[in-house]
1. If neighbour count is taken as other Cβ atoms inside 10 Å, put B:43, B:81 in order from fewest to most.
2. Which order results if A:39, B:62 are arranged by neighbouring Cβ count within 10 Å, fewest first?
3. How many lysine pairs in chain A, separated by 8 or more positions in sequence or lying on different chains, have Cα atoms less than 17 Å apart?
4. What is the mean projected area of the alpha carbon convex hull for region B:5-60, to one decimal in square nanometres?
5. Where Rh is the Kirkwood radius over the Cα pairs of region B:16-113, the temperature 25 °C and the viscosity 0.890 mPa s, what D in µm²/s does Stokes-Einstein return?
6. Just counting partner chain Cβ atoms within 10 Å, what average do the residues of peptide A:94-101 show around their Cβ?
7. For chain A, give the share of DSSP beta bridges that are antiparallel, in percent and rounded to the nearest 5; count only bridges with both residues there.
8. May I ask for the net charge around residue A:40, where only other residues with Cβ less than 15 Å from the Cβ of residue A:40 are counted and Lys, Arg are +1 while Asp, Glu are -1?
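FYI, it's all coordinate maths here, none of it is from the lab. Predicted model only: the values in this text are computed from it and were never measured. Quick reminder, even Gly has a Cβ in these numbers, built from the backbone with ideal geometry, and neighbours come from all protein chains shown.
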Amino acid sequence: GENVEQHPSTLSVQEGDSAVIKCTYSDSASNYFPWYKQELGKRPQLIIDIRSNVGEKKDQRIAVTLNKTAKHFSLHITETQPEDSAVYFCAAKTTGNQFYFGTGTSLTVIP
Amino acid sequence: DSGVTQTPKHLITATGQRVTLRCSPRSGDLSVYWYQQSLDQGLQFLIQYYNGEERAKGNILERFSAQQFPDLHSELNLSSLELGDSALYFCASSARDFLETQYFGPGTRLLVL
């Protein structure tokens, strides 16, 4: 089955700096890669996603890049703000419609 | 508020018991997904239903089962509960099926004593 690895597990950045979270996956046929933000005690929320036929997608301060050859994808947050502090999960969807999640990255933005 | 509702919010029960978790998707959404989130195993996909039919299966134990009803609400049944089943159970819904944005409900926190 699919295996998704996520790094780092914790990340602290100064407000205004950039944050990068990386994920790798094992199933080359996986075709959809969403990123979720989960604040403490709340539900996961989709913040950005990318399909396997696209290399990069951007939405304001958030961007995701996908390298299918290397089987990795990354989340980039620029100009970080304290409200960006949360746990971020990457996921990969297989052709069998199963979702596999990374173990999460706890991001702290220091004011 | 995502528009996805889950009941109950909290559930405390004993080992060996059976519980039912309920999920109502966003209006118009045909797909429902169930996830388990625990401290030791992270976020895990359990099962997906689309318009009443099972579409995909993840790491769902045989003691667990689910169904989606004609009005599109879904129930997750957990039986012969064990301590390790204590977790947060999320339901999510999407408009149709593949490659769709999923909207998560607030979750049901299950504690097995």
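1. Values: B:43 23, B:81 20.
Arranged by neighbour count, lowest to highest, B:43, B:81 become B:81, B:43.
2. Details: A:39 12, B:62 7.
Lowest to highest Cβ neighbour count: B:62, A:39.
3. Here the count comes out as 12.
4. Values: hull surface 19.4 nm².
So the Cα hull casts an average projection of 4.8 nm².
5. Details: Rh = 13.4 Å.
Estimated via Stokes-Einstein, D reaches 183 µm²/s.
6. Working: counts 2, 1, 4, 12, 8, 11, 5, 7.
The per-residue average across the peptide is 6.
7. Details: 37 of 42 bridges.
Restricted to chain A, the bridges split so that about 90 percent are antiparallel.
8. Details: positive: A:37, A:42, A:43, B:109; negative: A:39, A:83, A:84.
Once positives and negatives cancel, what remains is +1.
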